[in-house]
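See structure below.
The values are calculated or read from the model by the stated rules, or taken from the named source; none is laboratory data. Just so it is clear, the structure is predicted and the values come from calculations on it, not from any experiment. All Cβ positions, glycine included, derive from the backbone under ideal geometry; neighbour counts span all protein chains shown.
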Amino acid sequence: MFTKFLRKTDSETLTLEVIGLATGVKDFDLTGMPGSWASAKAARYAKDIRTMLRREGKALDSDQRSFLRNAERQLESLSKTPDSIGTGKFREAVLQIGLTESHFPVQEHRENPEWRRQHDRFRQALAVEAGKVFDKLYSDDAVSRVIAATDGAEARLTREDPIVALKKAL
């Protein structure tokens, strides 16, 4: 029952997530706050790709495997740069646990421009390859799903309402 939650991300899901990161469909949460953790997310993606390649690498398509290796290298370099930098300004934060309140200073952060430049290079380096991998492996499946969904919607629209059919029969 819980095995689907214990499994690691499979190659298809991870490849589609990385394609989304490379093409801009999915993005890192980079709000300039210290809790955005964009560098940590990049490191997590790199680690997931590494473990998935170790586990399923031989069974993958050669283009998919090379794309994921390139993405892993790019994400690893992206994770080494801090995503936000302190501004030197502090604000008061309040932490309330039960009835007690704690006041402490928190430094304000802003987006690191060097991280953004590396992120743009990551997208430029992988966008073309991501498009090729998606077209080769997933575009036919996506088109067939859209066609099936629209056929089902048309069938639902053309089908007569059961209440109307019952009234006609009476």
Self-check item: Residues satisfying the stated conditions in the range 86-134, i.e. of a type in the set (A, V, I, L, M, F, W, C), assigned to a strand (DSSP E or B) and touching an Asp or Glu at 6+ places or on another chain (Cβ under 8 Å)
Solution: 90, 94, 95, 104, 106
Practice problem: Can you work out which of the residues in the range 64-107 that are small (Gly, Ala, Ser) and within 30 Å of residue 52 (Cα to Cα) is modelled with the lowest pLDDT? | Solution: 84
Quiz item: Do we have residue 125 as surrounded by 10 or more Cβ atoms within 10 Å (Cβ to Cβ), within 30 Å of residue 61 (Cα to Cα) and modelled with pLDDT under 85 here?
Solution: no
Quiz item: Taking the condition in contact with a strand residue (DSSP E or B) (Cβ under 7 Å, 6 or more places away or on another chain) and among the aliphatic types (A, V, I, L, M), does residue 49 pass?
Solution: no
Quiz item: Across the range 50-77, what is the total count of residues that are assigned to a loop (DSSP other than H, G, I, E, B) and surrounded by 17 or more Cβ atoms within 10 Å (Cβ to Cβ)?
Solution: 1
Practice problem: Of all residues in the range 107-122, count the ones that are within 10 Å of residue 78 (Cα to Cα) and touching a Pro at 6+ places or on another chain (Cβ under 6 Å). | Solution: 0
Quiz item: Which condition does residue 107 not pass, out of (1) outside the structural domain of residue 38 (by TED's automatic domain parsing); (2) exposed (fewer than 11 other Cβ atoms within 10 Å of the Cβ); (3) under 24 Å from residue 86 (Cα atoms), if it passes all the others?
Solution: (2)
